[in-house]
Amino acid sequence: MLWDCSPVRIDVSLVESVFDMSEKAKWNVLDILRILVYLAALACCAVLSITGFYPVLIKGEHLSGYPMMLHATCAPVFAACMAALCVMWAGRCCFKRGDCPVVRRLVDWLTGTKESDEQTGGTAQKLFFWVLVALSLPLILSIVLSMFPIFGTGWQEYFLAMHRYVAAAFVIVGAVHMLLLARMRVKS
Amino acid sequence: MVVAFFARAEGEEKKLGDESDGSRAHAVHVIPLINEEGEKISPDDDPVLPFSTKETCGDCHSYSIISRGFHFNAALADLAPEAHGRAGQPWILADARTGLQIPISYRPWPGAFTPEQAGLSPKLFLKIFGRHMPGGGVGEVPSEDPDEIMRAMISGYLEINCLACHDGHPGHNQAEYGGQVMRENFRWAAAATSSFATVTGSAKDMPDTYDPMMPEAPEDPKLVPPGITYKAGTFGDDGSVQLDIKREVPNYRCYFCHSNMYIESGHTEKWTTDEDIHLKAGLTCVDCHRNGIGHNTGRGYDGESEALDSPMAAKSSCKGCHLGDESSESPSAGRFRAPVPEHRGLPPVHFEKLSCTACHSGPWPGDKTYLTKTSRAHRLGTVGVNKSPDALPHVLSPVFAEGEDGKIAPHKLIWPAFWADMQDANVVPIGFDTVRATVGKVMAKVELPASGGWGKMSRENITAALKALAGSVSGKAVYVSGGSLYSLSESGGLAEQKDHPAGKPYMWPIGHDVRPAAQALGIRYCTDCHATDAPLFFGGVAVDSPVDANEGRVVKMVEFQDVDATYAKLFAMSFVFRPMLKIVALLSCAVLGLVLLLYGLRALKCVVGLFSGQD
């Protein structure tokens, strides 16, 4: 068992497995950085989700006051973390022929070749990673562009709605991605 | 409409001018002048009487309906409280000698006292403020005081002065009205403003036995009885008079009572200021501030349709013209070619927190509020007006405060200063006559500036005045000024309670002058309002008071808003980093986009390779 009944106590091996730290000999600065960036993004995402959704969904108000200040403070950190994660993880999340049996069989049929049946695994995690990267763009741009004196009230409202819905999708996809990542690492 | 309906229900028939026939042409008024006895006036009459607007205009327009209009209905006892609308400008009773500056209104507006509470009889109220009243209302309410009833036989009543608004003749002199009111020539006041009549004499000087219908020369040859002469050529062959009546009231008529002067530095000359952008665009006051025969003139604020039963109320606000009435079945935006505002870069939350006027109306805010003069508060446009910037009352603006609708809007503000009788928590002003007789005596030695501003009232002066007033009140004599309540402590010293509810400033929203979009707050950058020293939150509101200890005191604008001052400061500070936020976010987006593009192209390369047989 990796998890204790208490939510406070987490087995160190889980963290190690999630971030692929079991082989300590392979640790380097980039590995540590990747972990730190991931944790920072996770923390920012949590703060942004709470400050962003609580006033709107629970109180029925626009985001304002101290929650908005906190939201706006974490937002650029989160954006930077996402960019850094994207750079650091993109290479690892490239799709390969073995990622999906259906695609592999289709390619084999098209090309008339027969590759090995080896499965690389982690396809869903990779897919969700790219979805997250793709969602990050409208998520950030929708709010940053509205800060420039370019778009009028109609667009402002459209951007705000887009920001909310994309954020909701991002949080869901992010949560799934995290679970998949954790499951994959634990399995391995 | 409801008022009109009930008035009709009483059996009154529609008169000729109550309802239009649809023609947009100008209606020519060649009509007989009729005196208050209902008789047609001829220049050969003896005595020659002034024309009565009630009889002359009332012949074709239902006076009883008009008299319930907004300009005349303040004192109507049967008017529903909500019909008075949001709090507006009160009359301000100011007296430097006694340290008095008190908002007064017959309307039940929070923070304003009734004339009775301030010790003003209707007649005294008229004599002080009638100069800028359109007549009617309290001017026509018969007094219960036998002496005033007798005097009313001589002075007459102050009927609605239709000419005050509708006279288009360039010779109309509204300033004459105030002089006539001061001389208690109520019956003659409206006629005196016209271009074709001259009123002389003073009803005030006449003995109680004087009868204006059968005038006799007074015993004192220096006293001149009130009388009127009509200029030669006024009456036509058939005894009718041509009146230049404008259905659409000209702006300059409105300006007599609705002018503002913001004293930004020393004295503000008219030629250095601009008018409201709507007027420059070709609109008139009455294009937005409309009324029908009921004369319930719309005030044009958002939400007025809840108080005013008018089909134009919702359409005549800022939103009504610029955005359209959402409840309207047909498109209503763009009235008078009103541009639909773009508000580029302005987050929609601003529309929840701010009124349109917050960014667009009044003077551009400075570090501190400006002393402001208004026609009604400072007798602007009348004879012998004190032109000093410091003249009382001290009206301050723009104060960005939360309005009745919960939105921040620019306001004009006065700090009430008055002597009062406090019983439990109830603070009621002591009558003006008592204050003048008692406090005036105590303060006689306080030096008053020639400017007409406050003298310097010391704590000792207040203590002495409160002791002198102690015998005139049933509760505890107190003095309210600069937000504080001063009273005598048990030891006989002076106790001060700061921020007392009775000292809360009276504020009313600024509607005009509307500045063009290019001069709206926020046009330069967010820091017009969200800088650490931005006037909207951190501008200083002078604490105006004759008490010398209050000199130079200011409170921050944010104190008048439902905003935490620390938060406002922190939020303003965050705008220092706002450009960095944008840069970081945009760079992050660029990296994300480039990585997506790079790997997208790689994926495409794979697909292309696959289909071209090169795996």
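The values are calculated or read from the model by the stated rules, or taken from the named source; none is laboratory data. If you're wondering where the values come from, they're calculated on a predicted model, not measured in any experiment. All Cβ positions, glycine included, derive from the backbone under ideal geometry; neighbour counts span all protein chains shown.
Quick notes
- Sole residue being at pLDDT 85 or above, of a type in the set (G, A, S) and surrounded by fewer than 17 Cβ atoms within 10 Å (Cβ to Cβ), chosen from B:G292, B:G334, B:G345, B:G298: B:G334
- Some residue of region B:510-532 being among the β-branched types (V, I, T), without any contact (Cβ under 8 Å) to a residue 60 or more places away in the chain and touching a Cys at 6+ places or on another chain (Cβ under 9 Å): yes
- Members of region B:55-99 found to be assigned by TED's automatic domain parsing to the domain that holds B:F129, assigned to a loop (DSSP other than H, G, I, E, B), touching a residue at least 60 places away in the same chain (Cβ under 8 Å) and not small (G, A, S), listed by number: B:C57, B:H61, B:R68, B:F70, B:H71, B:F72, B:N73, B:L76
- Taken together, B:A603, B:A585 contain a single residue that is crowded, with 17+ Cβ neighbours inside 10 Å and facing chain A (nearest Cβ under 10 Å), which is B:A585.
- Screening B:A565 on (1) of a type in the set (A, V, I, L, M); (2) over 30 Å from B:G483 (Cα atoms); (3) more than 10 Å from chain A (Cβ to nearest Cβ) shows it passes everything except condition (2).
- If you check B:G613, B:G593 for being facing another protein chain (nearest Cβ under 9 Å), in a loop (DSSP other than H, G, I, E, B), without any contact (Cβ under 8 Å) to a residue 24 or more places away in the chain and more than 21 Å from B:E264 (Cβ to Cβ), only one passes: B:G613.
- Scan of region A:64-95 for residues that are facing chain B (nearest Cβ under 7 Å) and among the hydroxyl-bearing types (S, T, Y), ordered by number: A:S64, A:Y66
- Lone unmet requirement of (1) closer than 30 Å to B:I510 by Cα; (2) surrounded by 21 or more Cβ atoms within 10 Å (Cβ to Cβ) for B:F51: (1)
- Some residue of region B:100-114 being closer than 27 Å to B:H295 by Cα, part of a loop (DSSP other than H, G, I, E, B) and free of Cβ contacts under 8 Å to residues at least 12 places away in the same chain: yes
- Residues located in region A:146-169, provided they are more than 9 Å from chain B (Cβ to nearest Cβ) and of a type in the set (A, V, I, L, M): A:A161, A:M162, A:V166, A:A167, A:A168, A:A169
- Verdict on B:G266 being over 19 Å from the mean Cα position of the chain (by Cα) and either part of a loop (DSSP other than H, G, I, E, B) or crowded, with 20+ Cβ neighbours inside 10 Å (or both): yes
- The lone criterion from (1) in contact (Cβ under 8 Å) with a residue 60 or more places away in the chain; (2) surrounded by fewer than 22 Cβ atoms within 10 Å (Cβ to Cβ); (3) among the β-branched types (V, I, T) left unmet by B:I149 is number (1).
- Only one of B:D533, B:D499 that is at positive phi and either of a type in the set (S, T, N, Q) or surrounded by fewer than 20 Cβ atoms within 10 Å (Cβ to Cβ) (or both): B:D499
- Matching residues, region B:323-344, being within 11 Å of chain A (Cβ to nearest Cβ) and either in a helix (DSSP H, G or I) or touching a residue at least 60 places away in the same chain (Cβ under 8 Å) (or both): B:P341
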